[in-house]
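Let me begin by presenting the structure, written as structure tokens, before commenting on it.
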Amino acid sequence: MRRNLTAYLFLTPVLLFFGVFLIWPGITLFFQTFQTGGIMSPAIVVGTKNWERTFIDPLVLKTVWNTIRYCLMAIPVVFIIAMVLALALNSVRIGHTAFKTIIYYPTLQPILIAALMFTFVLHQDFGVLNIIMRAITGNPVNFLGNESLAMPTIALVEVWKGVGFWTLLFLAGIQNLPRDLYHAAELDGAGPFRRFFQLTLPLLKPTFFFSIIFATIVNLQVFDSIFILTDGGPFHSTASTTWYIYRSLFTFNEPGYGATLSFVLVIVVLILTALQSFAFRDRN
Amino acid sequence: MWKLIGKQRNVVSLRPTPPVITVSYSVLFLAAIVSILPFLYILSTSVKDTQSLFSYPPEWIPEQLFWGNYVKLFQETSFLNWTFNTIFIGLSITILKLIIDAMAAYSLAKLQFIGKHIISSTLLMAVAIPVAALIIPLFFIVRDMGLLNTYWALILPALANPLGIFLLRSFIVSLPDELIHSARLDGASEWRVFTQLILPLISSGLVVHAVFTFMLQYTNFLWPLVAIQTETRQVLTVGISSLKSNFVVDWGLISAASLLATIPITILFIALQRFFLAQSLSSALKG
Amino acid sequence: MTEIAIEFRSVFKKFDDFVAIRNLNLLIRKQEFLVLLGPSGCGKSTILNLLAGIEDPTSGEIFVNGKLVNYLLPRYRNVAMVFQSYALYPHMTVAKNIEYPLKSDKGLSRNRDKITKMIAQAAELVDITDQLSKKPPALSGGQRQRVALARALVRDPEVFLMDEPLSNLDAQLRDTMRYHLINLHRKIGKATIYVTHDQQEAMTMADRIVVMNEGSAQQIGTPLEIYNSPVNKFVAGFVGHPRMNFLPGKSLGNRSVQVGEFKLTSSRDTGQKGTPLVVGLRPTDAKSKKGYNNVEGKITAREFTGTDTILTLSSGSIEGVRFRHIGGGSDIEGDTACFSYAPENVHIFNEDGKGRFS
Ligand SMILES: Nc1ncnc2c1ncn2[C@@H]1O[C@H](COP(=O)(O)OP(=O)(O)OP(=O)(O)O)[C@@H](O)[C@H]1O
Ligand SMILES: [Mg+2]
């Protein structure tokens, strides 16, 4: 205990920033949910008015559902593709690093690149796909202008960007698995499929646990691609909670209501991650 | 007997069978094409004028290279400012974060003090806080500090993210205690132990952390969008996307900008490739 | 008379519920070479750590030169330590490693020539002069250990702490290093605590030995005292090779005991007639001819060690007792052999092994 002072000194800078820019906003967020006032005007306490409004505002439920819907589309797809790519990478020698590099490359780039790419492929007027479609059928498909296609398209954009990260993560997981087990399994005559389902998947459980929780936290905050590609439309079919938070602050100039929405987002994240932890613990 | 030996050889190398390899390569080729093609297409669009965008069949390699988009980008937009801002802010955050996170990680990994458990679990739980939910209070905090539209508005809040501490802690934890004890007995102060022993010994961890921090900063979108309104102070991501909000979207211009925006991070990627592995990130969180 | 360098005063060290050091009381004189001897896990390293300030005692006081150091940071204690795991700085060359402790001496750090000379001297002493520019990962275990020694020897500390500093060297090198260390210690005369689990090393090097077991000091004394008058079964069994024979017996009163069919006379007290006790006989104290205290039996095994033969005997009531027979010997298994013991070599212990009988 004599080294207490040094230990605290070493922690001070981090705790300072952590306190001022994470804990403090967290606390004020709570109080802001009971306030109203514009971006540049002073706050006024309005009691539970914001909260009452969230319960009757249909857009709140819609954005929460949109966000969850987006996660349900994006996360399984990105995980499955990443797993397949990781397995493929794990079984090739020649060109291993080159493929790894190329597959990881999109992850590095701002979401803008991904958004732009899909614009060029899917845009109603000049998207490659639509140019071809128009030539063949005469009917272009407006992916981002279609209520039921817009969100899957957003998910696809995010999958394209995110898949490299998860691929490398899973690959690292696979390569850290005990080799001996595989030798034993092969001696027992297990083929590649049985090895995958009976060894690799169960052994990767800790990795999956971490990955799913992490991916959920990140994806529940989806914003960039929506802002760039659809701005929540058409008819709010791609409006995520974060998008609504942003709009309450800047378009509607209602930070108090935005804070309430933020609080809703925090609650959604906490509930979903808690449920996931629970589900994972249970099965162990 | 022979069969057994043959089988054993196969087992020891655990080499995938030819069909598995074939399938693997096919999958990887497909993935590689999907990963790379967009960049090529953006490149091609950036050297086309708007007219030929709509031509059918699509013109992959334009017959006439059109440099107008690039000229316009440098002459009519703040692209150079954005690039400078992004790199400057990214580097500032990376350097500051590296120092403070390493200090905290050393403290949490190797020093004994009251409240260690509470502090480390608070930091760890904070990883689960959706940062997007904090932008509104953060906006007002930064506004009240008078930092809106300054570099500080982007630099300071980024230092609060605790994830990197756990990454570095996992590196420091694996160093033997005796090394630190020995240095202390040799007369080193805690600061000297930290700078002369810990930092050099976790250098690869520091690079991984730096690379992640910079990358995260480079792709950051929401917070700069909220905190910076002055166009010349903006970062690349938001700056380029603001090009889109004109009434008529100039796709060629956006393509040129996007393509150039990939260059700094690509250079970094090529230089520090092996540190971009995501492996350490997961071990940090699990540990 | 002699000055005290270090004092442990009823020191306890607990790790959670586990008691690693139990009531340690120890005085170490200036210029003394003290050896901590004991089996693995008995708390030897912990004692060094307590003295160095790496661990804090749970209770009790530690004094260095009469000053209470319980709350002094390691870097202010001025002790040099050779760690059991060497603890070399892997990113520094051997020369830099040896130099590191000199860095905190502000006056010295300006005198580059002197530093270079000190490094060279220390390296010379442990014979690693040709490795100075390598980094520790490139060295063998024995070389690393010598660098660790050099790093400690380069300093001029209050106390030297050495945690099995020779354990990784080959027999020959170990002998030379022992000799060097003892000579060096005589020359500079600094209190040294030396940890080993090799009893022979302890015997040859120590001024005094502390025999440890399960966190307690069992006996503190000169090598001769420890060998000749072990205070309990543990010490007696731990020191001396081959291991002492322990035979169950019964006091006959008047300093004599009955062991099986043999009656032995000891120079030690045997207590009340009829008390059960344990008799200790060192194989090496045995005389191979009939004499005063005789033990007799059939030879069941013989091991030839070069200079002597170790015979294992069994008789009606005792089994597997070993005796040393000097020289090759012509006895074969099945023969009857007889050994005798001088009364001062008949050790008497409590039945529970906790202490000497008295
Ligand atoms: N930091 C610690 N936490 C918990 N227990 C410890 C710690 N350090 C030592 N111990 C325990 O204290 C006991 C004594 O350990 P110590 O290292 O002093 O043994 P030792 O005599 O040096 O053994 P060896 O000859 O194997 O080095 C052991 O049982 C060990 O498990
Ligand atoms: Mg030890």
Task: Extreme residue, farthest from ligand 2 (Cβ to nearest atom), among residues of the range C:157-194 that are in a loop (DSSP other than H, G, I, E, B) and within 14 Å of chain B (Cβ to nearest Cβ) - done: C:E158
Task: Residue check for C:R22: within 16 Å of ligand 1 (Cβ to nearest atom), more than 9 Å from chain B (Cβ to nearest Cβ), surrounded by 15 or more Cβ atoms within 10 Å (Cβ to Cβ) and of a type in the set (K, R) - done: yes
- [ ] Go through (1) assigned to a strand (DSSP E or B); (2) crowded, with 18+ Cβ neighbours inside 10 Å one by one and return the number of the condition C:I318 breaks.
- [x] (1)
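Of all residues being among the small types (G, A, S) and within 8 Å of chain B (Cβ to nearest Cβ) in the range A:125-181, which is nearest to the chain's Cα centre (by Cα)? Just the residue, please. Before you say what the answer is, go through the steps one by one.
Looking only at the range A:125-181, we keep the residues that are among the small types (G, A, S), and these are A:127, A:135, A:138, A:145, A:148, A:150, A:155, A:162, A:164, A:172-173.
Filter once more, keeping what is within 8 Å of chain B (Cβ to nearest Cβ): A:135, A:164, A:172-173.
On the way: A:A135: 36, A:G164: 14, A:A172: 21, A:G173: 20 Å.
Within the range A:125-181, the match that is nearest to the chain's Cα centre (by Cα) is A:G164.
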Open item on the list: Could you tell me how many of the residues in the range A:166-181 are surrounded by fewer than 12 Cβ atoms within 10 Å (Cβ to Cβ) and in a helix (DSSP H, G or I)?
Closed with: 2
- [ ] Please specify each residue of the range C:25-79 satisfying the condition of being closer than 26 Å to C:I182 by Cα, surrounded by fewer than 16 Cβ atoms within 10 Å (Cβ to Cβ) and more than 13 Å from ligand 1 (Cβ to nearest atom).
- [x] C:N25, C:K30, C:N65, C:G66
Task: Residue that is farthest from the other protein chains (Cβ to nearest Cβ) [pool: residues in the range C:65-83 that are farther than 18 Å from C:K13 by Cα and of a type in the set (A, V, I, L, M)] - done: C:V82
Open item on the list: Checking C:K106 against (1) among the basic types (K, R); (2) within 16 Å of ligand 2 (Cβ to nearest atom); (3) surrounded by fewer than 20 Cβ atoms within 10 Å (Cβ to Cβ), only one condition comes out false. Which one?
Closed with: (2)
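Matching residues to (1) touching a Ser or Thr at 6+ places or on another chain (Cβ under 8 Å); (2) under 14 Å from C:E344 (Cβ atoms); (3) β-branched (V, I, T):
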| position | (1), (2), (3) |
| --- | --- |
| C:G240 | yes, no, no |
| C:G249 | no, no, no |
| C:G260 | yes, no, no |
| C:T265 | yes, yes, yes |
Task: Selection within the range A:182-198 - in a helix (DSSP H, G or I), surrounded by 13 or more Cβ atoms within 10 Å (Cβ to Cβ) and more than 35 Å from the chain's Cα centre (by Cα) - done: A:H183, A:A184, A:A185, A:E186
- [ ] Report the residue count in the range C:14-26 for those that are among the charged types (D, E, K, R) and touching a residue at least 60 places away in the same chain (Cβ under 8 Å).
- [x] 1
TODO: Could you grab the pairs with beta carbons closer than 7 Å, sequence gap of 6+ or different chains, first residue in the range C:27-52 and away from chain B (no Cβ under 14 Å) and more than 17 Å from C:K14 (Cβ to Cβ), second one more than 6 Å from ligand 1 (Cβ to nearest atom) and assigned to a helix (DSSP H, G or I)?
DONE: C:F33/C:H185; C:F33/C:M205; C:V35/C:A202; C:V35/C:M205; C:L36/C:I47; C:L37/C:Q199; C:L37/C:A202
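Just give me the residues in the range C:304-347 being without any contact (Cβ under 8 Å) to a residue 12 or more places away in the chain and farther than 15 Å from C:M244 by Cα, in sequence order. If you could, list the steps in order and put the result at the bottom.
So the first thing to find is which residues in the range C:304-347 are without any contact (Cβ under 8 Å) to a residue 12 or more places away in the chain, and the list is C:305-306, C:319, C:330.
Within the range C:304-347, C:T305, C:G306, C:S330 qualify.
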TODO: Considering only the range A:199-253, give the helices (runs of 4 or more DSSP H) lying wholly within it that have at least 3 residues that are in contact with a Lys or Arg (Cβ under 7 Å, 6 or more places away or on another chain).
DONE: none
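How many of the residues in the range A:233-253 are polar (S, T, N, Q) and under 22 Å from A:I44 (Cβ atoms)? Even if it seems obvious, please write down each step before you answer.
To start, the set of residues in the range A:233-253 that are polar (S, T, N, Q) comprises A:237-238, A:240-242, A:248, A:251, A:253.
Now restrict to residues that are under 22 Å from A:I44 (Cβ atoms): A:248, A:251, A:253.
Result for the range A:233-253: 3.
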Open item on the list: Which condition from (1) away from ligand 1 (no atom under 16 Å from the Cβ); (2) surrounded by 21 or more Cβ atoms within 10 Å (Cβ to Cβ) is the one that C:T176 breaks?
Closed with: (2)
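Residues that are more than 28 Å from the chain's Cα centre (by Cα), facing chain B (nearest Cβ under 7 Å) and at pLDDT 85 or above, at least 1 per element: which helices (runs of 4 or more DSSP H) completely within the range A:1-64 meet that?
Here the list reads A:4-18.
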Task: Pairs, first more than 12 Å from C:N294 (Cβ to Cβ) and touching a residue at least 60 places away in the same chain (Cβ under 8 Å) in the range C:255-273, second charged (D, E, K, R) and assigned to a strand (DSSP E or B), C-beta under 7 Å, six or more apart - done: C:V257/C:K250
Task: Residue list for the range A:239-276, restricted to those being in contact with a Phe, Trp or Tyr (Cβ under 8 Å, 6 or more places away or on another chain) and of a type in the set (S, T, Y) - done: A:S240, A:T242, A:Y246, A:S248, A:T260
Open item on the list: Condition check: within 29 Å of A:G47 (Cβ to Cβ) and among the small types (G, A, S). Does A:G256 satisfy that?
Closed with: yes
TODO: Please give the number of the condition C:A148 fails out of (1) within 16 Å of ligand 2 (Cβ to nearest atom); (2) closer than 23 Å to B:S182 by Cα; (3) within 18 Å of the chain's Cα centre (by Cα).
DONE: (3)
Open item on the list: For the structure I just gave you, tell me whether C:T222 is in contact with a strand residue (DSSP E or B) (Cβ under 8 Å, 6 or more places away or on another chain), surrounded by fewer than 16 Cβ atoms within 10 Å (Cβ to Cβ) and either within 20 Å of C:L48 (Cβ to Cβ) or modelled with pLDDT of 90 or more (or both).
Closed with: yes
- [ ] Mind listing just one residue for me: the one in the range C:102-114 that is within 8 Å of another protein chain (Cβ to nearest Cβ) and in contact with a helix residue (DSSP H, G or I) (Cβ under 8 Å, 6 or more places away or on another chain) and, of those, farthest from ligand 1 (Cβ to nearest atom)?
- [x] C:K103
TODO: State all residues of the range A:211-230 that are touching a residue at least 60 places away in the same chain (Cβ under 8 Å), at the interface with another protein chain (Cβ under 8 Å from one of its Cβ atoms) and polar (S, T, N, Q); if no residue qualifies, say none.
DONE: A:S211
TODO: Considering every residue within the range C:83-97, establish whether at least one is assigned by TED's automatic domain parsing to the domain that holds C:D156, within 16 Å of ligand 2 (Cβ to nearest atom), in contact with a Gly (Cβ under 9 Å, 6 or more places away or on another chain) and of a type in the set (S, T, N, Q).
DONE: no
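Looking at C:N70, C:N78, C:N49 in this structure, which one is within 16 Å of ligand 2 (Cβ to nearest atom) and touching an Asp or Glu at 6+ places or on another chain (Cβ under 7 Å)?
Working: C:N70 fails: within 16 Å of ligand 2 (Cβ to nearest atom); C:N78 fails: within 16 Å of ligand 2 (Cβ to nearest atom).
Selected residue: C:N49, the only one of C:N70, C:N78, C:N49 that is within 16 Å of ligand 2 (Cβ to nearest atom) and touching an Asp or Glu at 6+ places or on another chain (Cβ under 7 Å).
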- [ ] Kindly indicate the residue of the range C:27-46 that is over 16 Å from C:N65 (Cβ atoms) and aliphatic (A, V, I, L, M) and also nearest to ligand 2 (Cβ to nearest atom) among those meeting that condition.
- [x] C:L36
Task: Of all residues in the range C:84-101 being more than 8 Å from every other protein chain (Cβ to nearest Cβ) and over 28 Å from the mean Cα position of the chain (by Cα), the one that is nearest to ligand 1 (Cβ to nearest atom) - done: C:N97
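The values are calculated or read from the model by the stated rules, or taken from the named source; none is laboratory data. Keep in mind that this is a model prediction, so the values were computed, not measured. Cβ coordinates were reconstructed from backbone atoms using ideal geometry, including for glycine residues, and neighbour counts include every protein chain displayed.
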